[in-house]
Amino acid sequence: MGEVDIAIEEVKKIIKQNIIRDSILEKENDFEGYQKLYYQTNENVTDYLNLVDISNKENALCVAGSGDQTFSLIYKGINEIDLFDLNKFTEYFILGLKNAMILKYNYQEYIDTLNKLIRQMTKPSEINEIISDLLLYMDEPYKTFWQTILNYNWQLQKELNIHTNFMYGLNVNAGLKIIPQFCPFLTSEEDYNKLKNKLSNVNIQFTYCNGIDLSKTFNKKYDLILLSNILDYVYTCWGNNWPMQNLNNYIANLQKLLKSSGIIFLHYIFNASKPFYQSNFYQPCLDFKNETYNLNNNQQMLLVRK
Ligand SMILES: C[S@@+](CC[C@H](N)C(=O)[O-])C[C@H]1O[C@@H](n2cnc3c(N)ncnc32)[C@H](O)[C@@H]1O
C-alpha cells in the first residue's frame, strides 16, 4: 500500500470510531502515526513571534501541529520551512485543507469556515460542500486523500443513517472557536491578504519524525526552530521524572541545527504559575544561555539562542 492509501485507511478508522460512538472499534493507540489533530493553535503565536526580530530570517524547522505556527512564519517572511510531527495526519490537514482554505477564502470566509468545520452541529451536507469546493485548490496527493475521505464519510453516514459533522470528531480541541488574535496573519484582513500573497512562493516539506530526534533526522542549518510545547510530552520517551541532563543534551543537539544567529523557541509554557511548569523549574538546570518572556494568560516562552 502506498503512503496516501495508508493515510486514507488510518483516517477512515478515526472517523468510524468517532461517528459510531457506541461501538468498540480499534483503540486510538492502535493508529500508528495517525491521530486527531489541532485545528487551531492554542498558543499566542502572535505574541511570541514579536519577542525577537525575525525580519532577516529565511528558514525554519517547526512542529506541524495545526499549521498556525507555519502560516504565521510565512506571513513573517520565512519562505523555507521544514515541518515535523509524530502525527502524519497533520501533513494532509495543513498542506491539503488549510492551505486550500487560505488560497480560496477571504479573511472572514476563512474564519467562518474553520468555525463551521469545528462546530458539532454543522450539517454533513455543508461539510461535504466545503471540502468538495476546496479540492480544486489542492495539489496531489492531498486532493486524492480528501476526496476519498469525503466519499467514505458520505457513504458511512448514509449506511448508518447518522448526521454528524465528521470533521468535529477529528479535532483535538473539539468545540473551541477560532481565536484570531493568536495568529499574526489573522489580525486583520490586510494581514491575511499578506499571507495569501506569500503562499505561492514558499517551500514547505513535511517529515514524520519525533521532535526529540531532530538532529538525527535533519542536517540543514536553520534560522529558527519552533518546538511549541512538545517538552510537555517528552515523558513518553524519556520517562517520568526525566533527568535535566536529557534537556541539556537535547539543546546541544538542536544547536547543531542552528545558523550562527539562530533562535530556538524551546518551550511554550502553559500555566506558568504552577511549580512544575514554570520556567524557573528549567532555568537553573540549563547549561545554555536562555531567556524567558511572560505572555498574557499566565503563559511564557522559553527561548535559547546560538
Ligand atoms: C505540542 S502539540 C500541542 C498544541 C500546540 N500547543 C499548538 O499550538 O499547536 C502540537 C503538535 O505536536 C506534536 N508532537 C507532540 N510531541 C511530539 C514529538 N515528540 N515529536 C513530534 N511531534 C510531536 C503533536 O502531534 C501535535 O501535532
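Condition (residue is buried (at least 17 other Cβ atoms within 10 Å of the Cβ), hydroxyl-bearing (Ser, Thr, Tyr) and farther than 25 Å from Gln205 by Cα) applied to the range 110-118: is it met by at least one residue?
Among the residues of the range 110-118, at least one is buried (at least 17 other Cβ atoms within 10 Å of the Cβ), hydroxyl-bearing (Ser, Thr, Tyr) and farther than 25 Å from Gln205 by Cα, which makes the answer yes.
Would you mind finding the one in Asp47, Asp53 that is surrounded by fewer than 19 Cβ atoms within 10 Å (Cβ to Cβ) and either part of a helix (DSSP H, G or I) or within 11 Å of the ligand (Cβ to nearest atom) (or both)?
So the residue among Asp47, Asp53 that is surrounded by fewer than 19 Cβ atoms within 10 Å (Cβ to Cβ) and either part of a helix (DSSP H, G or I) or within 11 Å of the ligand (Cβ to nearest atom) (or both) is Asp47.
Would you please list the contacts, defined by Cβ atoms under 7 Å and residues six or more apart or on different chains, that run from a residue in the range 195-215 that is in contact (Cβ under 8 Å) with a residue 24 or more places away in the chain and of a type in the set (S, T, N, Q) to a residue that is buried (at least 16 other Cβ atoms within 10 Å of the Cβ) and in a helix (DSSP H, G or I)?
Ser215/Leu254
Checking the structure you have, find out if any residue of the range 112-124 is closer than 29 Å to Ile54 by Cβ, within 16 Å of the ligand (Cβ to nearest atom) and at pLDDT 95 or above.
The answer is yes; a qualifying residue exists.
For the range 140-187, give me each residue that is modelled with pLDDT of 95 or more and part of a loop (DSSP other than H, G, I, E, B).
The answer is Glu140, Pro141, Cys183, Thr187.
Looking at (1) in a helix (DSSP H, G or I); (2) closer than 30 Å to Gly2 by Cα; (3) within 16 Å of the ligand (Cβ to nearest atom), which is the only condition Asn99 fails?
(3)
For Asn42, indicate whether it is surrounded by fewer than 22 Cβ atoms within 10 Å (Cβ to Cβ), within 12 Å of the ligand (Cβ to nearest atom) and either without any contact (Cβ under 8 Å) to a residue 40 or more places away in the chain or not in a helix (DSSP H, G or I) (or both).
Criteria met by Asn42.
Hey, could you check the range 127-139 for residues that are assigned to a helix (DSSP H, G or I) and of a type in the set (D, E, K, R) and say which is nearest to Tyr92 (Cα to Cα)?
My answer is Asp133.
Within the range 56-88, work out how many residues are closer than 22 Å to Leu117 by Cβ, within 13 Å of the ligand (Cβ to nearest atom) and not in a loop (DSSP other than H, G, I, E, B).
From the range 56-88, those closer than 22 Å to Leu117 by Cβ are 63-72, 74-75, 83, 85, 87-88; that's our starting set.
Retained after the next criterion (residues that are within 13 Å of the ligand (Cβ to nearest atom)): 63-72, 83, 85, 87-88.
Next, from what is left, pick out any that are not in a loop (DSSP other than H, G, I, E, B): 63, 68-72, 83, 85.
Final tally of qualifying residues: 8.
Out of the range 248-292, which residues are buried (at least 16 other Cβ atoms within 10 Å of the Cβ), of a type in the set (Gly, Ala, Ser) and free of Cβ contacts under 8 Å to residues at least 40 places away in the same chain?
Within the range 248-292, Ala272, Ser279 qualify.
Taking interchain pairs and intrachain pairs at least six residues apart, which have beta carbon atoms under 6 angstrom, with the first residue in the range 124-140 and surrounded by fewer than 19 Cβ atoms within 10 Å (Cβ to Cβ) and the second aliphatic (A, V, I, L, M)?
As it stands, the answer is Tyr137/Ala100; Tyr137/Leu103, since those pairs meet every condition given.
State which residue pairs qualify: first residue polar (S, T, N, Q) and inside the range 226-247, second residue in a helix (DSSP H, G or I) and away from the ligand (no atom under 13 Å from the Cβ) in any location, beta carbons under 9 Å apart, and separation of 6 or more residues or different chains.
Gln245/Cys285
At least 2 residues that are modelled with pLDDT of 95 or more and within 13 Å of the ligand (Cβ to nearest atom) in each: list the strands (runs of 3 or more DSSP E) lying fully within the range 195-306 that qualify.
203-208, 222-226, 258-269
Among the residues of the range 103-117, is any within 23 Å of Ala64 (Cα to Cα), in a helix (DSSP H, G or I) and among the β-branched types (Val, Ile, Thr)?
yes
Would it be correct to say that Leu257 is among the hydrophobic types (A, V, I, L, M, F, W, C) and under 22 Å from Ser55 (Cα atoms)?
So Leu257 passes the test.
The values are calculated or read from the model by the stated rules, or taken from the named source; none is laboratory data. Remember, predicted model here, so these are calculated numbers, not experimental data. With ideal geometry, Cβ positions are generated from the backbone for all residues, glycine too; neighbour counts draw on all protein chains shown.
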